[in-house]
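The values are calculated or read from the model by the stated rules, or taken from the named source; none is laboratory data. The structure displayed is predicted, hence computed values, not measured ones. Note that each Cβ is placed from the backbone with ideal geometry, even for glycine, and that neighbours are counted across all protein chains shown.
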């Protein structure tokens, strides 16, 4: 149980550094034909040298596991501020920015047969980092990576130091955008790499796809909804290993500014029989991040 406690803590810490958006180079146009009378919008990322985007991030993760009648609950909540500072933009519009996390305030609660455990850490006040959040050590308030994004969302990253999420698996910077203009109701999709380790040491490759739909455009803001579809049949045990892949949500793209100003992502997945009959796990995660800067925003307001 203790090992699971620290595993979940490390996972939650790593999640702070995921910028949510799914990056893939293999965009497959799956838009349906739309009436010519529908207005189409060209979706592109645009940045200027010197731009600074401050993302206010609110995350929560709750994992409830029941194995052989023994229930364990691990719940983590966090608020953090991450910063993108645009260093330069090339002639093709590809922007390179410096990424850092300014501050974080985390709390983790676990309860199992041995009782309850609580871990808390506020980088603005606390000098010592609890063991549950040790992955944060040496990562707050300093540059972590240089990340490049082209106008369609193709992303490359050069870590400046080792930190949670600094490996090649951290592909959630922005979502890919379609090549051609799209109208409300049009969709596009990308294939995403998913692998599951097998007991014999081999790896099972999973056919998964992220689907995007331009849901609405209003006052210069394009709302894009997305959902992940796992196309390969899986056993309950295999499903339990990729619970973090079953995401859905929406993102708001400021068409004039050329970047997202808000995103909301949810994962609500329950798997029964992942270890044995009656064993079950419920994975509930929510992420909201915003850089709109409005005082009326529940995340961006200085009062919050």
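Every residue, every condition in (1) over 24 Å from residue 151 (Cα atoms); (2) surrounded by fewer than 15 Cβ atoms within 10 Å (Cβ to Cβ), yes or no:
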{"site": "201", "(1), (2)": "yes, yes"}
{"site": "206", "(1), (2)": "yes, no"}
{"site": "223", "(1), (2)": "no, no"}
{"site": "234", "(1), (2)": "yes, no"}
{"site": "240", "(1), (2)": "yes, no"}
{"site": "246", "(1), (2)": "yes, no"}
{"site": "249", "(1), (2)": "no, no"}
Query raised in the report: Being in a strand (DSSP E or B), at pLDDT below 90 and either over 21 Å from residue 224 (Cα atoms) or within 21 Å of the chain's Cα centre (by Cα) (or both), is that true of even one residue in the range 61-70?
Result: yes
Requested in this report: Output yes when any residue across the range 150-169 is modelled with pLDDT of 90 or more, part of a loop (DSSP other than H, G, I, E, B) and surrounded by 20 or more Cβ atoms within 10 Å (Cβ to Cβ), and no when none is.
Outcome: yes
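Sort through 277, 288 and tell me the only one that's modelled with pLDDT under 95 and within 14 Å of the chain's Cα centre (by Cα).
On the way: 277 fails: within 14 Å of the chain's Cα centre (by Cα).
The unique qualifying residue is 288.
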Query raised in the report: Any residue at all in the range 108-122 that is surrounded by 13 or more Cβ atoms within 10 Å (Cβ to Cβ), without any contact (Cβ under 8 Å) to a residue 24 or more places away in the chain and outside any strand (DSSP E or B)?
Result: no
**Report entry** Candidate set from the range 135-149 (those that are out of contact with any helix residue (DSSP H, G or I) (no Cβ under 8 Å at 6 or more places or on another chain) and outside any loop (DSSP other than H, G, I, E, B)); member that is surrounded by the fewest Cβ atoms within 10 Å (Cβ to Cβ)
**Finding:** 143
Report task. Select from the range 180-193 the residues that are modelled with pLDDT under 95 and surrounded by fewer than 17 Cβ atoms within 10 Å (Cβ to Cβ) and write down the one among them that is farthest from residue 213 (Cα to Cα). Result -> 193
